[in-house]
Amino acid sequence: MRKLALLIFQSVDGVMQAPSQPDEDVSGGFELGGWANPCWGDVMEQVTQEAMAESYDLLLGGYTYDLFAPHFSQAGDDNPVAAKLNQAKKYVATSRAEPLDWNNSTQLTGDLAQQIAELKQADGPLIQVHGSWQLVQLLLQAKLVDELRVWTFPVALGSGKRLFEQLNAPVELQLSKTAQTPSGAVMTFYQTKY
């Protein structure tokens, strides 16, 4: 059985909405997009070393896929993040009618929790989820998350979509790794204990 890990960027108060761009996700009237930019370079260097060095399959929600696909599919393989994402097998939880044109992409529809549980039972590398707030809520509720890879940025936002916003039961976590970037973001890896 392979594991599933969340890769999350959040503020000190748990907001994970729109960390990198002002217009990334303005749902709910969110106007604070791009809040992670002061630490972005340091964090991405650490993410590349700590969470993207080994092979993994990628699991994305439809909205995150629509943000990632045009950007990374056009980026050259000299960009290590783009190269890793372009090579990964991508599973996309979406009800869209249009085909998924980013290479190695497969659409998931219907009972997502069951399909993802079946993916975890199959042979293959780690399944890693990037962003994908709505999908993250489903995965946490269905107890399908094995590891949280969280980068907490030194900013409090007050409003926005929070990592554990729709948690329906406590989740016990065991800290497995921590480090700080020069700009003050903190990396914490947790194993879930269901």
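Quick note: the coordinates plus some simple rules give every number you see, no bench work behind them. As the structure is a prediction and not an experimental result, all values here were calculated from the model. Neighbour counts are summed over all protein chains in view; Cβ atoms, including those assigned to glycine, are modelled from backbone coordinates with ideal geometry.
For the reader, a short list of remarks on this structure follows.
- Here is how the number arises for the chain: DSSP H runs of 4 or more residues each give -39500 (n - 2.57), the sum is divided by the residue count, and the result at 222 nm is -8000 deg cm²/dmol.
- Gaussian network model of the chain, Cα within-10 Å springs - most flexible of ARG149, ARG162, ARG96: ARG96
- For GLN121, neighbours were defined as the other residues whose beta-carbon sits under 14 Å from its Cβ, and their charges (Lys and Arg +1, Asp and Glu -1) total -1.
- Cα gyration tensor shape for segment 1-158, rounded if a/c is under 1.5, else prolate or oblate: rounded
- C-alpha center-to-center spacing [segment 2-48, segment 49-93] in angstrom: 15 Å
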